[in-house]
Every structure is written in C-alpha cells, then in structure tokens.
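Encoded as structure tokens, the structure appears first; notes follow it.
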Amino acid sequence: MYRVVKIYKAARTRFIDLLNLDTGTLDRVFDDSAEVGIGYDDFEAMREGGVYNCKIELFGNFDRIKTEKSIEVTIIGSGIIIGKTEYFKVLIDSDVYYILKADGEGFEVKQKMYYHFTRKDLVQVDSVIHADCL
C-alpha cells in the first residue's frame with residue numbers, strides 16, 4: 001500500500017510522490033492516465049494523504065553489464081498480466097516493481113539482471129488499470 005505524499009500537476013500529466021507503507025521507500029511516479037486514457041477510468045481520483053494499492057512500472061532497458069546508471073533487479077515473477085500487458089515482477093531491495101516483458105527480448109533472462117530506468121510510471125491504482133495496458 002502507498003500513501004500519496006504530494007501531487008505535482010501539469011496540463012494533463014502529473015508526478016506523484018508515493019510512500020510505500022511497508023518499506024518506507026518514497027517513489028516519484030509519472031501519471032499520464034488522464035492524457036492517454038480518454039474514455040477510460042484514470043487515476044485522477046487520487047488525493048494527497050490517500051492510501052492506495054499501486055503498481056509501478058520501471059520505464060527503461062535491461063543492460064548486459066553493470067553500468068553507472070543501472071541497478072540490479074531480482075526477477076520474482078514472469079508473465080504477470082496487468083490489463084492485457086505482460087510484465088516481469090521484480091524486487092529492488094524490498095520494493096516491488098514491474099518491467100515490461102518485451103524489455104527482456106534479446107536477453108538471457110536470469111533471476112538477477114541489470115536495468116537502467118529513467119522513470120517510474122503508475123500502471124494500476126486499486127482496480128483501475130492504465131489505458132496503455134488495456
């Protein structure tokens with residue numbers, strides 16, 4: 001579960017600071033659900049101070065070797081479906097994230113891998129799934 005600490009709004013996108021209530025990790029996540037989800041439910045109902053069950057996608061690429069910008073992830077699940085999109089479920093320390101399964105194409109997928117991400121995207125809040133996953 002995550003508590004919304006702060007919401008930073010732009011025209012139709014926003015960044016949200018989420019505090020993981022289990023691990024204490026603070027994540028800044030990108031939310032463009034209102035922009036791409038026209039005609040679908042989006043995450044606009046989230047409010048500062050609210051507590052939600054969230055799934056966060058790491059947006060980036062696998063690296064074959066450790067680099068300055070990559071982090072080691074532990075794959076704990078494969079073929080995880082969010083909406084109609086397939087993900088790896090990964091751990092960074094004790095925090096759970098999701099990586100597009102398509103990002104693993106061309107790689108020998110092992111339990112421990114290096115991943116370079118530039119953003120964390122919100123893909124599910126409670127039962128609402130981001131339109132990109134549908």
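Values computed for the structure shown
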read-out: Förster radius 22 Å - calculated FRET efficiency between ARG3 and VAL36, Cβ distance, rounded to 0.05; value: 0.30
read-out: Proxy reagent accessibility, fewest Cβ within 10 Å first, across HIS130, HIS116; value: HIS116, HIS130
read-out: Pairs of Cα atoms farther than 15 Å apart, the stretch 21-95, %; value: 69 percent
read-out: Taking SER127, SER33, SER70, SER94 and counting other C-beta atoms within 10 Å, the order from fewest to most; value: SER127, SER94, SER70, SER33
read-out: All-pairs Cα distance distribution in the chain, expressed in whole percent, bin size 5 Å; value: 2, 10, 20, 23, 20, 14, 8, 3, 0
read-out: Charge dipole (debye, nearest 20) of the chain; +1 at Cβ of Lys and Arg, -1 at Cβ of Asp and Glu; value: 200 debye
read-out: Amide hydrogen neighbours beyond the local backbone of CYS54, cut-off 5 Å, H modeled; value: TYR2, ASP126
read-out: Efficiency of FRET from Cβ geometry, LYS84 and ARG64, R₀ 35 Å, rounded to 0.05; value: 0.75
read-out: Two-site FRET efficiency, PHE15 against VAL51, from Cβ-Cβ distance with R₀ of 25 Å, rounded to 0.05; value: 0.85
read-out: From phi via Karplus (6.51, -1.76, 1.60), per-residue ³J(HN,Hα) for the stretch 116-123 in Hz, x at Gly/Pro; value: 10, 10, 10, 7, 10, 10, 7, 10
read-out: Spatial separation of Cα centroids for the stretch 1-50 and the stretch 84-134, in angstrom; value: 17 Å
read-out: Residues VAL51, VAL125, sorted so that the one with the fewest Cβ neighbours within 10 Å comes first; value: VAL51, VAL125
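Coordinate-derived values only; no laboratory data. Keep in mind that what you see is a predicted model, and the values were worked out from it rather than measured. Cβ sites come from the backbone with ideal geometry, for glycine too, and all protein chains shown count toward neighbours.
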